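Student: Below you will find the structure I want to go over with you.
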Amino acid sequence: MTLTARWLPMTEIRRGLTEIQLSHNTVGSMTAINVKTHGATGDGMSDDYAAVMAAIQEAVDGGGRTVFFPAGDYALSGSIGNGTEGFTQLCLLGDGERATRLKVTENVAPISGYWVECRSVNLKINANFLGSPAFDVDLDKSYIKHCWLDGWTDYGMRINANIEGLLNWIDDNFIAQCTGYGIYATYRFYDSWIVNNNIGSSGPNLSIESGRCASSPTTLTGNRRTTSSCAAASR
């Protein structure tokens, strides 16, 4: 099975990728790889981790492509990521708002590691209340948009805990009420934007560390918080 679509504006992505046609192997000018061609089921019961990572590896081998997740429930026994080695120029693309649901079955962050010039769009990410964040990522020139985060512990998103990164967008995500920080950005995350997110958490909804990278600040606008908590941590 192969995949094609024109590259959609964000307004159309949010309504769902209704114009995708399974006939060619491109999305606009980028090659798209359907995880189901590698054996993912999206049935919520089978372990789709190996199939998803095989699709990502094909994208990596091709120099960076879009990995498409059709609507469904994807059970994952491991974290989508590649540690500090990371991925470059990948797009993880779900099939419409909340139609693609990724849920881990082990105590790991569903998405982790180093991401450079990458996108995560239209994914519902569930850490399954097993003890990990939903996103535990180091970003550089990347964005996370239109994602729904649930089942997380300690952090909905923990951003750049290990590696410096700039020119990132965290935009229009929904972070469900769980235990810990909604979004925690370390001082290594700078000259970036955290905007228009709906954040719930038992601790600070949004926490930004200050530090030696603070001369290039992060822009914070339009974030909707379930409480008034917002923290600026120093180091």
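We did not get these values from a lab; they are worked out from the coordinates using the rules stated. Fair warning: this is a prediction, and the values are worked out from it, not measured in the lab. Here the Cβ positions follow ideal geometry from the backbone for every residue, glycine too, while neighbour counts run over all protein chains shown.
Student: Where in segment 104-145 is the amide nitrogen less than 13 Å from a point lying 7 Å along the Cα-to-Cβ axis of GLU85?
Tutor: 114
Student: Quick one: net charge of ASP140's neighbours, Cβ under 11 Å, K/R +1, D/E -1?
Tutor: Net of charged neighbours comes to -2.
Student: Within 14 Å, Cβ to Cβ, of VAL60, how many net charges do the neighbouring residues add up to if Lys/Arg are +1 and Asp/Glu are -1?
Tutor: Values: positive: ARG65; negative: GLU58, ASP61, GLU85, GLU117.
Here the count lands on -3.
Student: Of all GluC sites (Glu not before Pro) in segment 82-168, which ones are in loop regions per DSSP and have a Cβ with at most 12 other Cβ atoms within 10 Å?
Tutor: GLU85
Student: Could you work out how far apart the two model spin labels at ALA161 and MET45 are, taking each label as a point 7 Å from the Cα in the direction of the beta carbon, and quote it in nm?
Tutor: Distance between the two pseudo-spin positions: 3.4 nm.
Student: Taking a quarter of the surface of the convex hull around the Cα atoms of segment 26-125, what do you get in nm²?
Tutor: 5.7 nm²
Student: What is the order of TRP148, TRP115, fewest Cβ neighbours within 10 Å to most?
Tutor: Numbers: TRP148 20, TRP115 29.
Listing TRP148, TRP115 from fewest to most nearby Cβ atoms yields TRP148, TRP115.
Student: Could you name the lysines whose alpha carbon sits less than 27 Å from that of LYS36, not counting residues in the same chain fewer than 8 places away?
Tutor: The reachable lysines, counting only those whose Cα sits under 27 Å from LYS36, are LYS103, LYS124, LYS145.
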